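One structure is given below, encoded as structure tokens.
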Amino acid sequence: MRKIATGAAALLLACSAGVNAQSQGTAYWGATAGLMDIDFRNADSPINVGLRGGYTLPSGWGLEAEYTNSLISGEADVFQNDVDVDVQTLAGYGTYRSYGDIYFKGRFGLLYEDVSVGSASSDDTGISLGGGIGFDMSPNTNVELEYTMIEEDIGFWSGTMTLTF
């Protein structure tokens, strides 16, 4: 529960920072969902959902915070027993978005992850990077399809809907 509270606080901080600087760029927040593609033997990947918030400057450069947690656990075969696999992430990124109604996005940042396999859990902090394509759906709604490298053996295929303000 403490990790969830920390993730929510970081996301709210990112959003409130964007609101204070709104006159110079665009602040946004939204929801993300996707498959945490785990490259482990005998393991099915969990489905994660999360929150994302950030701020984009007129130049296309920006900052973004994201928190995700497993909504549907994956499964792993450990010594012929099926156990749940869950991944929780909290990250801060520098981003770049190109211009247009269809745009490209890249992000690079620092990520904290907690991977649980059954009763065993391991956490780590490291570099994360990702990229994707975005669609400007209306004056204040964007949809982004992305791949983010969480760590060497985990990638996040996600779809995100954000609202700008």
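The values are calculated or read from the model by the stated rules, or taken from the named source; none is laboratory data. Note that the structure is predicted; figures quoted are calculated from it, not measured. For neighbour counting, all protein chains shown are included, and Cβ atoms are generated from backbone atoms with ideal geometry for every residue, glycine included. Remember, those area values only see protein heavy atoms, side chains included, never the ligands or the DNA or RNA. Shrake-Rupley method; radii C 1.70, N 1.55, O 1.52, S 1.80 Å.
Any chance region 89-102 includes a residue that's over 19 Å from Asp114 (Cα atoms), open to solvent by 10 Å² or more (accessible area, probe 1.4 Å), out of contact with any Lys or Arg (no Cβ under 8 Å at 6 or more places or on another chain) and of a type in the set (Asp, Glu)?
Within region 89-102, the first condition is being over 19 Å from Asp114 (Cα atoms), and the residues that meet it are 94-102.
If we keep only those that are open to solvent by 10 Å² or more (accessible area, probe 1.4 Å) as well, we get 94, 96-102.
Filter again for out of contact with any Lys or Arg (no Cβ under 8 Å at 6 or more places or on another chain), leaving 99-102.
Of the ones still in play, those that are also of a type in the set (Asp, Glu) are 101.
The answer is yes, given that some residue of region 89-102 is over 19 Å from Asp114 (Cα atoms), open to solvent by 10 Å² or more (accessible area, probe 1.4 Å), out of contact with any Lys or Arg (no Cβ under 8 Å at 6 or more places or on another chain) and of a type in the set (Asp, Glu).
Please find, among Thr68, Thr32, the residue that is at pLDDT 75 or above and touching a Lys or Arg at 6+ places or on another chain (Cβ under 7 Å). First the steps, then the outcome.
Values: Thr68 fails: touching a Lys or Arg at 6+ places or on another chain (Cβ under 7 Å).
Answer to the selection: Thr32.
Being out of contact with any helix residue (DSSP H, G or I) (no Cβ under 9 Å at 6 or more places or on another chain) and open to solvent by 60 Å² or more (accessible area, probe 1.4 Å) is the filter here, so list the residues in region 24-35 that pass it.
First, the residues of region 24-35 that are out of contact with any helix residue (DSSP H, G or I) (no Cβ under 9 Å at 6 or more places or on another chain): 24, 30-35.
Within region 24-35, Gln24, Leu35 meet the criteria.
What are the pairs, 6+ residues apart or on separate chains, where a residue within region 144-158 that is touching a residue at least 60 places away in the same chain (Cβ under 8 Å) has its Cβ under 6 Å from a residue that is part of a loop (DSSP other than H, G, I, E, B)?
Close Cβ pairs satisfying both conditions: Asp153/Asp39.
If Phe108 satisfies all but one of (1) open to solvent by less than 40 Å² (accessible area, probe 1.4 Å); (2) under 14 Å from the mean Cα position of the chain (by Cα); (3) closer than 29 Å to Arg41 by Cα, what's the number of the condition it fails?
Just one mismatch for Phe108, condition (1).
Anything in region 111-165 that is modelled with pLDDT under 95 and aromatic (Phe, Trp, Tyr)? List them, or say none.
Of everything in region 111-165, just one residue is modelled with pLDDT under 95 and aromatic (Phe, Trp, Tyr), namely Phe165.
Run Thr141 past the list (1) within 22 Å of Trp61 (Cα to Cα); (2) in contact (Cβ under 8 Å) with a residue 40 or more places away in the chain; (3) among the polar types (S, T, N, Q) and report the number of the one that doesn't hold.
(2)
Okay, residues lined up against (1) touching a Pro at 6+ places or on another chain (Cβ under 7 Å); (2) closer than 17 Å to Leu111 by Cα; (3) small (Gly, Ala, Ser):
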| site | (1), (2), (3) |
| --- | --- |
| Met36 | yes, yes, no |
| Ser45 | no, no, yes |
| Asn48 | no, yes, no |
| Arg52 | no, yes, no |
| Glu64 | no, yes, no |
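If a residue must be crowded, with 22+ Cβ neighbours inside 10 Å and part of a strand (DSSP E or B), how many such residues does region 36-49 contain? Can you show your working first?
So in region 36-49, the residues crowded, with 22+ Cβ neighbours inside 10 Å come out as 36, 45-46, 48.
When the remaining residues are screened for being part of a strand (DSSP E or B), the result is 36, 48.
Matching residues across region 36-49 total 2.
If you go through region 129-142 one residue at a time, do you hit one that is surrounded by 18 or more Cβ atoms within 10 Å (Cβ to Cβ), under 19 Å from Met36 (Cβ atoms) and within 11 Å of the chain's Cα centre (by Cα)?
Step one: list which residues in region 129-142 are surrounded by 18 or more Cβ atoms within 10 Å (Cβ to Cβ), which gives 130, 132, 134, 142.
From what is left, the residues that are under 19 Å from Met36 (Cβ atoms) are 130, 132.
Within this subset, residues satisfying the condition of being within 11 Å of the chain's Cα centre (by Cα) are 130.
Within region 129-142, one or more residues are surrounded by 18 or more Cβ atoms within 10 Å (Cβ to Cβ), under 19 Å from Met36 (Cβ atoms) and within 11 Å of the chain's Cα centre (by Cα).
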